[in-house]
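Heads up: the structure comes next, in structure tokens.
The values are calculated or read from the model by the stated rules, or taken from the named source; none is laboratory data. Because the structure is predicted, anything quoted here is derived from the model rather than measured. With ideal geometry, Cβ positions are generated from the backbone for all residues, glycine too; neighbour counts draw on all protein chains shown.
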Amino acid sequence: MASAMSESVKEKRHRVLLGPLPEDFLQINPLRHEQQEAADRETALALQQLYTEGPVSYVINPAGRLSITVAQAKLAKNYGMTRMDPYCRIRVGHSIYETPTDPNGSKNPRWNKVVYCYLPNGINTITVEIFDERSFTMDELIAWAQITIPPQVLAGETHEDWYPLSGKQGEGVEGMINLVLTYTTAPPNWYAPSQPVMVVPRTDGTIKPVAVYPVPAPETNVAPPAPVLSESELKQIKEMFPNIENEVIKTVFEANRGDKESTINSLLQMAD
């Protein structure tokens, strides 16, 4: 028996791995989603380097320039353990734009963020997504909508409206979002910079897409100059709407083709 045991022990000893241990010794294989996150981080860094160091490319003859003022939203439910911290993501074609986060915005976030984008030919819809920003987990998508650009906007009019949102509560009943849209048709042979989406990693390891905003078009093919709001007029309107940022006021003024009265009416609707 003792002889048999010693032979067994001797055999096991022959199986012992001698020498330097492999790098993956005692490592647990990563989960699939962890592998995907690692791959996404590598892609993000590559894209960041490409779009910050690479040459600027141009899109020939875009349909025009679209201005989107993401004013506010009224959501049906608060999904956070505490008050939600919502931000809004806008998709136009292959480009993505985001508003700042409204801390503790909960069911009534206000952003008053102006997004300028070049509208590709054949695109007449925009996608809106509202997320609750989280500190230790992935941001949660809480509402969304696909909005068809109204014909009057494409005809050159400024249009302000509330659009229904979908979500866990159902189709079109997750709340409403307030947008102001204006559109400028591109002149012939106008060049607009392409708008790649740069994906960058967050500090918590998650991935967040960030828009690479367009640079000015070549001087030979620029859009018509926008109406200028004087400092005195800006100050006067700002006194009426102290909670609306100067950039939003200027954008609404531009969208209304320099009509001060129409600008005030639009801002009144946004402030309600």
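Would a scan of region 183-197 turn up a residue that is β-branched (Val, Ile, Thr), modelled with pLDDT of 90 or more and assigned to a strand (DSSP E or B)? Outline the logic, then answer.
Keep residues of region 183-197 that are β-branched (Val, Ile, Thr), which gives 184-185, 197.
When the remaining residues are screened for being modelled with pLDDT of 90 or more, the result is none.
No; the residues of region 183-197 include none that is β-branched (Val, Ile, Thr), modelled with pLDDT of 90 or more and assigned to a strand (DSSP E or B).
Taking region 109-127 as the search range and keeping residues that are closer than 22 Å to ASN78 by Cα and among the polar types (S, T, N, Q), which one is surrounded by the most Cβ atoms within 10 Å (Cβ to Cβ)?
So, considering only residues that are closer than 22 Å to ASN78 by Cα and among the polar types (S, T, N, Q), the one surrounded by the most Cβ atoms within 10 Å (Cβ to Cβ) is ASN112.
Which numbered condition in (1) modelled with pLDDT of 90 or more; (2) under 23 Å from ARG83 (Cβ atoms); (3) touching an Asp or Glu at 6+ places or on another chain (Cβ under 7 Å) is the only one that GLU98 fails?
The one condition GLU98 does not meet is (3).
For (1) touching a Ser or Thr at 6+ places or on another chain (Cβ under 8 Å); (2) in contact (Cβ under 8 Å) with a residue 24 or more places away in the chain; (3) within 25 Å of LYS250 (Cα to Cα), each residue gets a yes or a no:
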{"position": "LYS77", "(1), (2), (3)": "no, yes, no"}
{"position": "MET81", "(1), (2), (3)": "no, no, no"}
{"position": "MET84", "(1), (2), (3)": "yes, yes, no"}
{"position": "SER95", "(1), (2), (3)": "no, yes, yes"}
{"position": "GLU98", "(1), (2), (3)": "no, yes, yes"}
{"position": "LYS107", "(1), (2), (3)": "no, yes, no"}
{"position": "ASN112", "(1), (2), (3)": "yes, yes, yes"}
{"position": "GLU129", "(1), (2), (3)": "no, yes, no"}
{"position": "SER135", "(1), (2), (3)": "no, yes, no"}
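Would you tally the residues in region 128-157 being over 14 Å from the mean Cα position of the chain (by Cα), buried (at least 17 other Cβ atoms within 10 Å of the Cβ) and not in a strand (DSSP E or B)?
Adding up the residues that qualify gives 3.
Looking at GLU171, GLU160 in this structure, which one is on the phi < 0 side of the Ramachandran plot, assigned to a strand (DSSP E or B), surrounded by fewer than 15 Cβ atoms within 10 Å (Cβ to Cβ) and modelled with pLDDT of 50 or more?
On the way: GLU160 fails: surrounded by fewer than 15 Cβ atoms within 10 Å (Cβ to Cβ).
Only one candidate qualifies: GLU171.
Write out, first by first residue and then by second, each pair whose Cβ atoms fall under 7 Å of each other, whose residues are 6+ apart or on separate chains, and whose first residue, in region 156-170, is free of Cβ contacts under 8 Å to residues at least 24 places away in the same chain while the second is outside any strand (DSSP E or B).
Listed pairs, sorted by first residue: HIS159/PRO150; HIS159/GLN152; HIS159/VAL153.
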